[in-house]
Amino acid sequence: MRVRFLFMCLLIAWMNALDAQITQVVRGKVVDRESKAPLIGVNVAVYPSNGEVLGSTTDENGTFVVEGVPVGRARVVFSYLGYNTVVLDNIMVTSAKEVVLNVEMEEAALKLEEVKVIAQKYGEVRNEMALISARQFSVSETERYAGSRADPARMVRNYAGVVAADDSRNDIVVRGNTPTGVLWRIEGINVPNPNHFAIPGTRGGSVTILNNKFLSNSDFFTGAFPAEYGNAIAGVFDLRMRNGNNQRYEYSAQFGFLGTELMAEGPFQRGKSSFLAMYRYSTVALFHLLGIDIGTDATPQYQDGAFRLHFPLKNGGDVAVFGLGGWSSIDIIKSVPYDTAETELYGSNDRDQYFTSQMGVVGVSYSHPLGSSAYLKNVVAVSHQRVTADHDKVVHRVEGSQFVPDTLFDILHYVFEENKLSWALSLNKKYSRRWSMKAGLNADLYQVEYRDRVRAVFGGCAVDSVTPWRKRWDAREVLLLFQPYVQFKYKYTQRLTYTFGATGLAFTISPKAISWFEPRAGLSYAIDLKSRLNVGIGLHSQALSPYLYYYDKNTEYSEQLTPYNRDLDLMKSWHFVVGYMRILGPKVRMRVEGYYQYLFDLPVSKRPGPYALINSGSGFSRFFPDTLVSTGIGRNVGVDFMLEKGFSKGYFFIASASLYDAKYRGSDGIWRNSAFNGRYAMNIAGGKEFKFGPHRSLTVSFRAVRAGGQRYGIVDTLASALEQDIIYRDERFNEFQFRDYFRFDLRVNYVLNTSRLTHDIGIDFINLFDTPNALRYSYVPCRANPIVEERQLGRLPIFYYRLDF
């Protein structure tokens, strides 16, 4: 009885301790949005969920500290005379980590009054020149939406105008454009594909190298983007890394499907310099042991990491050293017996494949205020990307219901490497309350090397012939890409704002890869306090992936290659966008955008036919173009609708719909559907948080998406048998669609705050109903019918446990 009584006393004491109030610190810095100068005397009010009101003001450095904030969700309001008020909702306060907010406030066009219009609403972009087709996303959003996997590219699929290209990868289709039209920027630098298992020429991969633990709030653009963004025709990710905590040491450890992670941050010198570092190693092998299907029998291996060192300077500027990178490898072995009904989602069924990819970026940024009205930022970085692959052809024979390996032939070796020295210089100048300017230069010095040789084995289930080795790439060159820009912003009144500017792009890879003048302009008009009309227009250009310029089919088996696509123009696209936004209630808003994109100078086959590079960009294969000419044109037209409620009162939702039509005209003069013309997409996601006392919560969220199916044509069976790959006929190319795509994801996570620790346990059920969505056709030799329909990923549970301390 005494033991039971003691146990009950301890249990009651533990429960009371859990329910005792736990508090945390909210602090940060407030600066002018255009000049980046610190703002002194800004009123900061914190509204925790328990009804208290806590406050502070910024000091001469623009910094503030609010102590004693109860854990849970809080609202933070920044107000300052002559500036638009900023309201940040749904700030998550946990027991293990301080909340650090870096806020930019925009000066009102009106004089000497505190404007009551809320300027920075939920999701508004950080880039001061963006007025339309732009969205800021927070770190919490990459975790909040079901199926996002803490991946920015998968998370933005919830937005209108963005569609998944392939469940096995995170490529995205933006308003019907090729996924290769997306630009990735980190800390102002254009970076290589930041994904594991990245195929040359693509912009996605199976697993992201990025980690939301080191990212700050970032911007995503879907069209008519500002002049500082060049070499992209579809969309832009403009990502920022956050600084480590400069007041105390904080740590995080996580184990789950996507890997085992460790992170540390803290001060070098308390109150000044700081560091942040993280590392992740894959744990997918565990799931093979549990018998969970991830689309392949192979075991993907990967690891990645990132760091940022921050050093404030006495003059108000700062220096930051940053880096991120990753390595991935997979061996897909088919020289073993396997079921004839089995298909390989991540590779081919007729060969052993050994694939490795790696990328990394290391840079230094220097920021320096020029008085109180100007701000200079200089970033220098080096980046590296290397992809290697070796393939061995497996000739199988059929025994019962299995393929049994018979003969093995070495058929492919390639090494693609790109090293780059990048420089990004920008100047922000604020002339008055109404006028501001941003000008700069982005430059990339490339050193590229591409090596590839291949031979073919003909015969399917029996070897008829083996060709000699044939070179297709053999290049090593130094290239320069150069992009200056300037953009102005003019606030004519508090309701009406204009932006206008221009950029240009030159790339020494081709004598025709020059776009001298690309105008960009935007307009935003506040009809009333709750509604706004936006207009954007711009000319955008993009070079092809560099390796495509050096390809030679080399049917003569020559040792000396003669690349035949070195004189292609830049791809170009005019973007026209009109949008309407209305606030329907607290944290609820509606957006509608109509757009028209005219694409020209598209690379299409010189031989009359349907081939065009804009049909490429997703999947696990490189591109092998014949002779191309820049005479193709295209047009994307559509309407995007989005209804969104930010997290408040314990729940959130986002509903989006897109109707669009993406077509192009090839060298034969015929208009066709592009490969990414799904015609429509609908998405709804939401979630509800259930509170169990002040320190415990359970959140259940979901995502349902329905979209038009993938495009395909009539399979040329004879040509496919000869090439051992799917070949479509020219006639009726891309006229057909697989059945509509549908997927339902469910996410459950539980958070527990104790006095010094935060526990976060969650599981994502991807494709909960195991819907068999078609992806593409593939060719599997030796079958009675070698034309096989491949399917997207089936049901996949992704769990994690994170401990912050």
### Summary
Of the listed residues (706, 679), the one being open to solvent by 30 Å² or more (accessible area, probe 1.4 Å) and either out of contact with any strand residue (DSSP E or B) (no Cβ under 6 Å at 6 or more places or on another chain) or on the phi > 0 side of the Ramachandran plot (or both) is 679
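Every residue, every condition in (1) charged (D, E, K, R); (2) within 20 Å of residue 347 (Cβ to Cβ); (3) at pLDDT below 90; (4) part of a strand (DSSP E or B), yes or no:
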position	(1), (2), (3), (4)
783	yes, yes, yes, no
793	no, yes, yes, no
799	no, no, yes, yes
803	no, no, no, yes
### Task
Please work out if residue 433 is part of a strand (DSSP E or B) and farther than 28 Å from residue 379 by Cβ.
no
#### Entry: Output for segment 747-761, where each listed residue is buried (at least 19 other Cβ atoms within 10 Å of the Cβ) and not acidic (Asp, Glu)
747, 749, 751, 753, 758
### Task
Answer yes if at least one residue in segment 196-203 is in contact with a helix residue (DSSP H, G or I) (Cβ under 7 Å, 6 or more places away or on another chain), open to solvent by less than 10 Å² (accessible area, probe 1.4 Å) and of a type outside the set (Phe, Trp, Tyr), and no otherwise.
yes
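Out of everything in segment 490-505 that is over 17 Å from residue 600 (Cα atoms) and among the hydrophobic types (A, V, I, L, M, F, W, C), what residue ends up being surrounded by the fewest Cβ atoms within 10 Å (Cβ to Cβ)? Give the steps one after another, and end with the answer.
First pass over segment 490-505, keeping only residues over 17 Å from residue 600 (Cα atoms): 490-503.
Cutting the leftovers down to among the hydrophobic types (A, V, I, L, M, F, W, C) gives us 496, 500, 502.
On the way: 496: 14, 500: 17, 502: 17.
Step by step, filter segment 490-505, then rank; the result is 496.
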### Single condition residue 121 does not satisfy, out of (1) at pLDDT 90 or above; (2) closer than 21 Å to residue 649 by Cα
(1)
### Summary
Expected single match for open to solvent by less than 10 Å² (accessible area, probe 1.4 Å), polar (S, T, N, Q) and in contact (Cβ under 8 Å) with a residue 24 or more places away in the chain among 190, 158 is 158
### Task
Take segment 599-631 and flag every residue that is farther than 16 Å from residue 179 by Cβ, open to solvent by 20 Å² or more (accessible area, probe 1.4 Å) and part of a loop (DSSP other than H, G, I, E, B).
606, 607, 608, 611, 624, 626, 627
### Task
For residues that are of a type in the set (D, E, K, R), at pLDDT below 75 and either touching a strand residue (DSSP E or B) at 6+ places or on another chain (Cβ under 8 Å) or open to solvent by less than 20 Å² (accessible area, probe 1.4 Å) (or both), tally how many sit in segment 101-118.
2
### Query
What are the residues in segment 762-781 that are among the hydrophobic types (A, V, I, L, M, F, W, C) and surrounded by fewer than 18 Cβ atoms within 10 Å (Cβ to Cβ), if any?
763, 769, 774
### Query
Does residue 174 meet the test of being at pLDDT 90 or above, open to solvent by 30 Å² or more (accessible area, probe 1.4 Å) and either in contact with a Lys or Arg (Cβ under 8 Å, 6 or more places away or on another chain) or under 29 Å from residue 585 (Cα atoms) (or both)?
no
### Message
Within segment 357-377, take every residue that is modelled with pLDDT of 90 or more and open to solvent by 50 Å² or more (accessible area, probe 1.4 Å) and give me the one that is farthest from the chain's Cα centre (by Cα).
### Response
370
### Residue among 510, 524 that alone is assigned to a loop (DSSP other than H, G, I, E, B), in contact with a Lys or Arg (Cβ under 7 Å, 6 or more places away or on another chain), buried (at least 17 other Cβ atoms within 10 Å of the Cβ) and not aromatic (Phe, Trp, Tyr)
510
### Query
Which one is modelled with the lowest pLDDT among residues in segment 715-757 that are polar (S, T, N, Q) and part of a loop (DSSP other than H, G, I, E, B)?
724
### Message
Condition check: in contact with a Phe, Trp or Tyr (Cβ under 8 Å, 6 or more places away or on another chain) and not acidic (Asp, Glu). Does residue 320 satisfy that?
### Response
yes
### Top-ranked residue in segment 236-274 [being out of contact with any Asp or Glu (no Cβ under 8 Å at 6 or more places or on another chain) and hydroxyl-bearing (Ser, Thr, Tyr); ranked as nearest to residue 151 (Cα to Cα)]
260
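Considering every residue within segment 263-271, establish whether at least one is surrounded by fewer than 22 Cβ atoms within 10 Å (Cβ to Cβ) and either under 24 Å from residue 303 (Cβ atoms) or touching a Pro at 6+ places or on another chain (Cβ under 7 Å) (or both).
Taking segment 263-271 and keeping what is surrounded by fewer than 22 Cβ atoms within 10 Å (Cβ to Cβ), we get 264, 266-271.
Restricting the remaining residues to those that are either under 24 Å from residue 303 (Cβ atoms) or touching a Pro at 6+ places or on another chain (Cβ under 7 Å) (or both) gives 264, 266.
Checking segment 263-271: at least one residue is surrounded by fewer than 22 Cβ atoms within 10 Å (Cβ to Cβ) and either under 24 Å from residue 303 (Cβ atoms) or touching a Pro at 6+ places or on another chain (Cβ under 7 Å) (or both).
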### Task
Among the residues of segment 574-598, write down those that are buried (at least 20 other Cβ atoms within 10 Å of the Cβ) and either closer than 27 Å to residue 451 by Cβ or among the hydrophobic types (A, V, I, L, M, F, W, C) (or both).
577, 581
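Which count do you get for residues in segment 33-47 that are at pLDDT 90 or above and either within 32 Å of the chain's Cα centre (by Cα) or acidic (Asp, Glu) (or both)? Talk me through it step by step, then tell me what you get.
First, pick out the residues of segment 33-47 that are at pLDDT 90 or above: 38-47.
Next, only the ones that are either within 32 Å of the chain's Cα centre (by Cα) or acidic (Asp, Glu) (or both) stay: 38, 46.
Matching residues across segment 33-47 total 2.
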#### Entry: Filtered residue count, segment 632-674, keeping only those that are at pLDDT 95 or above, part of a loop (DSSP other than H, G, I, E, B) and in contact with a strand residue (DSSP E or B) (Cβ under 6 Å, 6 or more places away or on another chain)
3
### Query
So which of 423, 473 ends up being under 30 Å from residue 388 (Cβ atoms), open to solvent by 30 Å² or more (accessible area, probe 1.4 Å) and not charged (D, E, K, R)?
423
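Pick from segment 39-64 the residues that are over 27 Å from residue 691 (Cβ atoms) and among the aliphatic types (A, V, I, L, M): which of them is most open to solvent (accessible area, probe 1.4 Å)?
40
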### Task
Among the residues of segment 531-573, count how many are over 29 Å from residue 478 (Cβ atoms) and either part of a helix (DSSP H, G or I) or in contact with a His (Cβ under 8 Å, 6 or more places away or on another chain) (or both).
3
### Query
Out of all the residues in segment 693-708, which are of a type outside the set (Ser, Thr, Tyr) and modelled with pLDDT of 90 or more?
696, 698, 700, 702, 703, 704, 705, 706, 707, 708
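The values are calculated or read from the model by the stated rules, or taken from the named source; none is laboratory data. The shown structure was predicted, so the numbers you read here are calculated from the model rather than taken from an experiment. Because the Cβ atoms are built from the backbone with ideal geometry, glycine has one as well, and the counts that use them run over all protein chains shown. Heads up: the accessible areas ignore ligands, DNA and RNA and are worked out on the full protein's heavy atoms, side chains in. Shrake-Rupley method; radii C 1.70, N 1.55, O 1.52, S 1.80 Å.
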